[in-house]
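The structure appears right after this line, and notes come after that.
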Amino acid sequence: MELKNRTILLGVTGGIAIHRSLDYVSQLVKLGASVHVVMTKNATRLVNPLQFQVLSRNPVLTDLFETGDDWKPPHIDLADRTDLLAIVPATANILGKMANGIADDALSTVSISVHCPILVAPAMNGYMYKNPFVQKNISELSKQGIEFVAPESGDLACGYEGVGRLNQIDTILQRTIELLGQHQDLGDKRILVTAGATREYIDPVRFITNRSSGKMGYAIAEAASQRGASVQLISGHATVPPPQGIEIIQVDTTQEMYDVVLDMFDDTDIAIMAAAPLDFRPSEYTPQKIKKHTNSLSISLDKNPDIAQKLGEIKEHQLTICFAAETNDVLENAKEKLVRKNCDLIVANDILAEGAGFESDTNIVTLMDKTGNFEQLPRLSKHEVANAILDRIAKLLEQ
């Protein structure tokens, strides 16, 4: 695969395997990629930035306070233009900074500024790599959707033998190509994603809602955008910041979400209904705060419109993806919803299972389509689940 018209930002840290990054740059350029290198201060003590500049044919960024040709800071300009950030090699230091949002040099600042896939290839002493804090940082970064090419085992430069060697450049290059190829498989699609929880108000200070955090929907929106889709995110209340660079429409109640979704549906290719809109709303809204005059309070509820079911009734060319958050008979209930709501794919999960459901950073889901085929996924980060769902959608589009 050629990488023509692809911009790759290479982060280089002060690991002993840094010399192999020169080969990585050379291979990327041969494939047609536009490569820009960002080096840490320690990296420049091992390899002269001029070597990366000659191979990449672009200036090398080493100082956070360098100025460019226009008003935009170079690290922000690079972050905005890149299709992939690859950090090869990645030291324990940069992993710690990324996992904790520390931005005190050019590379660490770039790493929290990009809105594209990130690929990391660690390399360090084996005891350092196995250190529980380093492993915790790797685990946290993986949960956030960052891809890793794990180090190999063998003789290390420090004299030890064990895990920690930078993986083969051919392996890192292949994963780079896969990520950039995946990046464009939804490039001509318009995807509508719902996320978060709605609220239904009892009085001006009280409402009913549910535990949905918005994490799954936000992860899907971000992953779809990274894969080239034009994404519109319709969000209820969420406990996490919305993904950057994505058009978002904020709603409050289920009726508001229903109205916005139907208004936008005609111009949509794929609707992914990851939100948790409330099924019921109070029959009456009290315009003033209800006082505690009695020991009990009864609230009558009316049924809200079913957004996913309505889309299943009116869709023409669109694919609709539904979710089934269940506490029992998960697959049976999901299959019933799949048929009743005329979905093309349903994502089912047991919200009582450890590592799954609302508020968790991970999920355990089963994907089921209209033909009855289903796929049980292991416990994955919600970003990994998002890409698994999009992979399945890509296959449905091919069919």
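The values are calculated or read from the model by the stated rules, or taken from the named source; none is laboratory data. None of these values were measured; they are calculated from a predicted model. When we count neighbours, we look across all protein chains shown, and the Cβ atoms used for this are built from the backbone with ideal geometry, even at glycine.
Do we have T171 as closer than 29 Å to I270 by Cα, more than 16 Å from the chain's Cα centre (by Cα) and assigned by TED's automatic domain parsing to the domain that holds L95 here? For T171, the condition - closer than 29 Å to I270 by Cα, more than 16 Å from the chain's Cα centre (by Cα) and assigned by TED's automatic domain parsing to the domain that holds L95 - is not met. Taken over the range 209-246, residues that are surrounded by fewer than 18 Cβ atoms within 10 Å (Cβ to Cβ) and on the phi > 0 side of the Ramachandran plot amount to 2. Within the range 385-399, residues that are more than 15 Å from D269 (Cβ to Cβ) reach partners that are of a type in the set (S, T, N, Q) and not in a helix (DSSP H, G or I) with beta carbons closer than 6 Å, at six or more positions or on different chains, in the pairs V385/N363. Number of residues in the range 273-302 that are surrounded by 10 or more Cβ atoms within 10 Å (Cβ to Cβ) and of a type in the set (K, R): the value is 2. Within the range 335-344, the presence of at least one residue that is more than 14 Å from I272 (Cα to Cα), modelled with pLDDT of 90 or more and not charged (D, E, K, R) is confirmed.
Scanning the range 350-364 for residues that are of a type outside the set (A, V, I, L, M, F, W, C) and in contact with a helix residue (DSSP H, G or I) (Cβ under 9 Å, 6 or more places away or on another chain), we see that the one that is farthest from K215 (Cα to Cα) is D350.
Out of (1) modelled with pLDDT of 85 or more; (2) among the aliphatic types (A, V, I, L, M); (3) over 28 Å from L84 (Cα atoms), what's the single condition that is false for L156? In the conditions (1) modelled with pLDDT of 85 or more; (2) among the aliphatic types (A, V, I, L, M); (3) over 28 Å from L84 (Cα atoms), L156 misses (1) alone.
Restricted to strands (runs of 3 or more DSSP E) entirely inside the range 288-399, those with at least 1 residues that are in contact with a Ser or Thr (Cβ under 8 Å, 6 or more places away or on another chain) are 301-303, 345-350, 374-376. Here is a check on your reading of the model: is A150 at negative phi, among the small types (G, A, S) and in contact with a strand residue (DSSP E or B) (Cβ under 8 Å, 6 or more places away or on another chain)? Judged against the criteria, A150 is a match. Take L192 and tell me if it is closer than 22 Å to V231 by Cα and at pLDDT below 90. Criteria not met by L192.
In a residue-by-residue description of the range 47-68, the property of being surrounded by fewer than 24 Cβ atoms within 10 Å (Cβ to Cβ), assigned to a strand (DSSP E or B) and out of contact with any helix residue (DSSP H, G or I) (no Cβ under 7 Å at 6 or more places or on another chain) applies to no position.
For the structure I just gave you, tell me whether V120 is assigned to a strand (DSSP E or B) and β-branched (V, I, T). Spelling it out, V120 is indeed assigned to a strand (DSSP E or B) and β-branched (V, I, T). S298 fulfils the conditions (1) without any contact (Cβ under 8 Å) to a residue 12 or more places away in the chain; (2) of a type in the set (G, A, S); (3) touching a helix residue (DSSP H, G or I) at 6+ places or on another chain (Cβ under 6 Å) except for a single criterion, (3). Among the residues of the range 247-270, those that are part of a loop (DSSP other than H, G, I, E, B) and crowded, with 18+ Cβ neighbours inside 10 Å comprise V251, T253, T268. Among residues of the range 224-241 being more than 13 Å from the chain's Cα centre (by Cα) and among the polar types (S, T, N, Q), the one that is nearest to P117 (Cα to Cα) is S230. When restricted to residues that are under 24 Å from A157 (Cα atoms) and surrounded by fewer than 17 Cβ atoms within 10 Å (Cβ to Cβ), the range 28-43 contains 2. The set of residues from the range 271-287 being touching a Pro at 6+ places or on another chain (Cβ under 9 Å) and outside any loop (DSSP other than H, G, I, E, B) is empty.
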